[in-house]
Amino acid sequence: MKYGTIGTSWITDSFIKASKKISDLTLTAVYSRSEEKARNFADTHGVKHAFTDLEHMAKSDVIDCIYIASPNSLHYEQAILFLKYKKHIICEKPIFSNTKELKEAYKVAEENNVYLFEAIRSIHAPNFKRLKENMAEIGKMRSAILHQVRYSSKYNSYLAGNNPNIFSAEFSGGALVDMGIYPLYLAVALFGEPDSVSYIATKLDSGVDGSGTLVLSYADFTCTIMCSKIVTSYIPCEIHGESGTFVFEDVSKINELRLIDNQTNQVTTIETPDIKEDMVYEIGNFRRIIKTNSVQEYEELKELSLIVLSITEEARRQNDIVYDCER
Ligand SMILES: NC(=O)c1ccc[n+]([C@@H]2O[C@H](COP(=O)([O-])OP(=O)(O)OC[C@H]3O[C@@H](n4cnc5c(N)ncnc54)[C@H](OP(=O)(O)O)[C@@H]3O)[C@@H](O)[C@H]2O)c1
């Protein structure tokens with residue numbers, strides 16, 4: 001399968017590097033708004049086709065699939081364009097600004113008989129699977145504290161008076177959709193859709209959240225999610241059951257996964273070593289789903305994306321965080 005890319009930042013580099021490990025996936029085209037950047041990016045990655053016009057790229061038969069890594073608010077229009085030209089989509093998280101866009105895009109994907117995936121690496125990695133398989137080991141679950149709390153280098157630019165895309169309502173930014181989405185995805189993939197959600201945001205003058213705490217309420221437990229792009233946390237994530245506790249580092253790339261027995265304090269390490277280019281797991285899964293037409297797996301991923309996006313939408317509603325595309 002031949003694919004192209006939108007976006008020329010480090011995340012597209014990481015995607016290209018990881019995709020080289022998938023045997024039947026080949027980068028054939030790149031896009032940038034600037035001709036010079038497009039050519040340089042194409043040369044760096046040894047690719048012939050460098051586009052500066054998205055419609056030309058979408059129409060072209062040099063790609064079957066597009067990886068979208070542009071600012072969040074642009075994902076939707078770009079995805080619709082490529083779906084209409086029957087290209088599969090791997091779109092960076094957060095997939096779109098709201099569920100109205102997502103539902104419409106799934107409809108267009110179905111009409112054109114192509115797939116639309118949200119790239120969220122954590123839930124495709126082996127250590128997430130180990131965690132899920134071992135959930136029964138902690139007994140009756142009671143609470144969880146998951147977080148992605150990391151000072152962003154782009155906050156320096158924000159403080160200097162600029163408005164980086166990820167801190168702006170124009171580009172559908174903010175801490176919850178950028179950072180909180182990792183613990184949120186993990187929670188929904190592990191525990192399912194919560195009964196209710198409550199988000200307390202620390203809003204910036206730009207109108208979006210710099211930090212926040214999201215509480216997911218389930219019938220007999222709660223999951224507390226913290227996210228931030230303006231401070232840093234050094235504590236691990238924990239999932240608490242009546243018999244034991246899971247402890248792990250980095251919710252976006254689970255590592256040092258341990259199970260601690262409440263009674264004996266015995267620590268069991270249950271992780272498997274992930275490979276460095278961890279995007280390879282999601283890309284491999286997407287490629288396999290397309291190749292084998294795994295409808296059930298695809299439907300499960302669609303459902304996950306919809307639940308996660310509906311939660312961030314509700315969380316924004318509670319805090320009056322309105323994106324420009326919704327005004
Ligand atoms: N999965 C992960 O671990 C991960 C990590 C980082 C980011 N992401 C996601 O990847 C996406 C891109 O994030 P990023 O931090 O790379 O964003 P970014 O630097 O703001 O923009 C990404 C690319 O979009 C183009 N772009 C920038 N500003 C634009 C504008 N005003 N109008 C149109 N195009 C513009 C640029 O490419 P050209 O100048 O070449 O056109 C740039 O390389 C986001 O959705 C983000 O959430 C995911």
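The values are calculated or read from the model by the stated rules, or taken from the named source; none is laboratory data. Keep in mind the model is a prediction, meaning the values are calculated, not measured. Every residue, glycine as well, gets a Cβ built from its backbone with ideal geometry; the counts of neighbours run over all protein chains shown.
Overview of values
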read-out: Filtered residue count, the stretch 21-56, keeping only those that are more than 13 Å from the ligand (Cβ to nearest atom) and surrounded by fewer than 15 Cβ atoms within 10 Å (Cβ to Cβ); value: 9
read-out: Scan of the stretch 126-169 for residues that are within 12 Å of the ligand (Cβ to nearest atom), part of a loop (DSSP other than H, G, I, E, B), touching a residue at least 24 places away in the same chain (Cβ under 8 Å) and within 20 Å of Gly180 (Cβ to Cβ), ordered by number; value: Arg150, Ser152, Ser168
read-out: Complete set of residues in the stretch 9-20 that are within 11 Å of the ligand (Cβ to nearest atom) and crowded, with 21+ Cβ neighbours inside 10 Å; value: Thr12, Phe15, Ala18
read-out: Identity of the residue in the stretch 170-181, in contact with a Lys or Arg (Cβ under 9 Å, 6 or more places away or on another chain) and not small (Gly, Ala, Ser), that ends up nearest to the ligand (Cβ to nearest atom); value: Asp178
read-out: Positions within the stretch 249-281 being of a type in the set (D, E, K, R) and more than 30 Å from Lys140 (Cα to Cα), in sequence order; value: Lys276, Glu277, Asp278
read-out: Residue among Phe82, Phe96 that alone is among the aromatic types (Phe, Trp, Tyr), in contact with a Phe, Trp or Tyr (Cβ under 9 Å, 6 or more places away or on another chain) and within 16 Å of the ligand (Cβ to nearest atom); value: Phe96
read-out: Test set (1) crowded, with 18+ Cβ neighbours inside 10 Å; (2) outside any helix (DSSP H, G or I) - Ile289 fails condition number; value: (2)
read-out: Cβ-Cβ under 8 Å pairs, at least 6 apart or on other chains, the stretch 204-231 side assigned to a loop (DSSP other than H, G, I, E, B), far side of a type in the set (D, E, K, R); value: Tyr218/Asp195; Ala219/Asp195; Asp220/Lys140; Asp220/Arg142; Phe221/Arg142; Lys229/Arg150; Lys229/Lys154; Lys229/Asp178
read-out: Filter result for Ile275 (under 27 Å from Tyr151 (Cα atoms) and in contact with a strand residue (DSSP E or B) (Cβ under 9 Å, 6 or more places away or on another chain)); value: no
read-out: Residue match in the stretch 168-178 (condition: over 27 Å from Tyr31 (Cβ atoms) and either of a type outside the set (S, T, N, Q) or more than 16 Å from the chain's Cα centre (by Cα) (or both)); value: yes
read-out: Near pairs, Cβ below 6 angstrom, 6+ apart or cross-chain, from the stretch 27-55 (within 21 Å of Pro71 (Cβ to Cβ)) to any residue that is in a strand (DSSP E or B) and within 8 Å of the ligand (Cβ to nearest atom); value: Tyr31/Ile6; Phe51/Tyr31
read-out: Among the residues listed as Ile290, Ile283, the single one being more than 16 Å from the ligand (Cβ to nearest atom), farther than 30 Å from Ser196 by Cβ and modelled with pLDDT of 95 or more; value: Ile290
